[in-house]
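The next block holds one structure in the form of structure tokens; read it before the comments.
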Amino acid sequence: MTATLIDGKGIAQEVRAEVRAEIEAWCGAGMPRPGLATILVGDDPASAVYVGGKQKASAEVGIEGSSYELPADSTSEEVERLICELGDDSRVSGILLQLPTPEHIDGAHLTTLIDPSKDVDGLTPVSAGLLAKGLPGLRPATPAGVMELLRRHDVPLTGSEAVVVGRSDLVGKPVAALLLAQHATVTICHSRTRELPEVCRRADLLVAAVGRPQMIRGDWIKPGATVIDVGINRTPDGLAGDVAFEEAVQRAGLITPVPGGVGPMTIAMLLRNTLEAARAQAGEAAPDLAVKT
Ligand code: NDP
């Protein structure tokens, strides 16, 4: 068997085009243009590229971008003040603090200060709590992107065996919560899981979010399973996922490549979150991006 590839790049373009059309209609109806404020502290070149990409993508769909670049020697109090000001600014629908921050600044703590209604990264404790309780809220962009890929491929989730390898707050836990909300039977694995290959072999849907190149081997995959590879690992041979793709593609039914799978979905879902946040702030239905039961 050779798996069908999930074209994350193409699906991300579709999502962006939909967000763009929805923003045009929204603003055409006289509603305020959604705004995304990004905060970058310090001069890490990779972070600057990520923030630049998010701002460019925002502009392309009609989101009003504002980019705040603070020097590396900024204090926590200065960043905190900016986060609070942006929370009070009605032109700003979404706030994104680019991580990692310089060492003397606790980025994880500062993230908790973002107004939950503007938490377009979905990383505040309030957003995590809403997700855990199955309540509407802003969902982390990469996990929301995983769900969007599954939805657009009509992958049946109700009653399916889903195995998520990785339990980070950023990917593994929220993906597991989103799958659970869709009635999958979810197993979360991590570095202490025993007999990992055996557990993976049970999966109708296997999500890898580990950060170890090609760790998941082909014979860990149940024939015909759906395999979602969130991993992005830089290797001497270029980018690699957490799944040994050449082996996995012979066993899976549906699989994401790396690059071009989950990766492009993150920015697309960030844009959707920004629009949903603007809608919720304007009194429209609360954002409910992936938990539909
Ligand atoms: P973390 O390092 O935060 O988490 C990795 C998880 O993998 C941990 O839960 C860890 O277990 C688990 N793990 C590590 N080694 C093993 C092992 N040998 N067996 C089983 N589990 C193991 O990573 P992230 O969740 O942030 O990211 C995961 C991957 O996804 C990375 O490659 C990252 O680059 C990528 N990523 C891609 C994004 C995108 O596509 N846009 C966005 C975010 C991440 P334990 O908890 O026990 O330590």
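Remarks
- Counted residues, region 1-28 - those being touching a residue at least 40 places away in the same chain (Cβ under 8 Å), aliphatic (A, V, I, L, M) and part of a helix (DSSP H, G or I): 5
- Test for Leu123: is it buried (at least 20 other Cβ atoms within 10 Å of the Cβ), within 14 Å of the ligand (Cβ to nearest atom) and more than 17 Å from Val230 (Cα to Cα): yes
- Residues that are over 16 Å from the mean Cα position of the chain (by Cα) and assigned to a loop (DSSP other than H, G, I, E, B) within region 116-135 comprise Lys133, Gly134, Leu135, listed in sequence order.
- Region 29-62: number of residues that are open to solvent by less than 10 Å² (accessible area, probe 1.4 Å) and part of a loop (DSSP other than H, G, I, E, B): 1
- For region 100-111, the set of residues classified as open to solvent by 50 Å² or more (accessible area, probe 1.4 Å) and either within 16 Å of the ligand (Cβ to nearest atom) or closer than 28 Å to Pro264 by Cβ (or both) consists of Pro100, Ala108, listed by residue number.
- Checked against (1) in contact with a Lys or Arg (Cβ under 8 Å, 6 or more places away or on another chain); (2) part of a helix (DSSP H, G or I); (3) crowded, with 23+ Cβ neighbours inside 10 Å, Gly145 passes all but condition (1).
- Matching residues in region 148-168 - criterion: being part of a loop (DSSP other than H, G, I, E, B) and out of contact with any helix residue (DSSP H, G or I) (no Cβ under 7 Å at 6 or more places or on another chain): His153, Asp154, Val155, Pro156, Thr158, Gly159, Ser160, Ser168
- Among the residues of region 176-215, those that are of a type in the set (A, V, I, L, M, F, W, C) and near the ligand (Cβ under 9 Å from one of its atoms) comprise Ile188, Cys189, Leu196, Ala208, Ala209, Val210, Met215.
- Residue check, Thr158 among the hydroxyl-bearing types (Ser, Thr, Tyr) and in contact with a Gly (Cβ under 9 Å, 6 or more places away or on another chain): no
- Residue within region 236-253 that is open to solvent by 10 Å² or more (accessible area, probe 1.4 Å), closer than 12 Å to Val165 by Cβ and within 14 Å of the ligand (Cβ to nearest atom) present: no
The values are calculated or read from the model by the stated rules, or taken from the named source; none is laboratory data. Just so it is clear, the model here is predicted, and its values are computed rather than measured. As a convention, Cβ positions derive from the backbone with ideal geometry for all residues, glycine included, and neighbour counts pool all protein chains shown. Areas reflect the complete protein model, heavy atoms only, side chains present, ligands, DNA and RNA absent. Shrake-Rupley method; radii C 1.70, N 1.55, O 1.52, S 1.80 Å.
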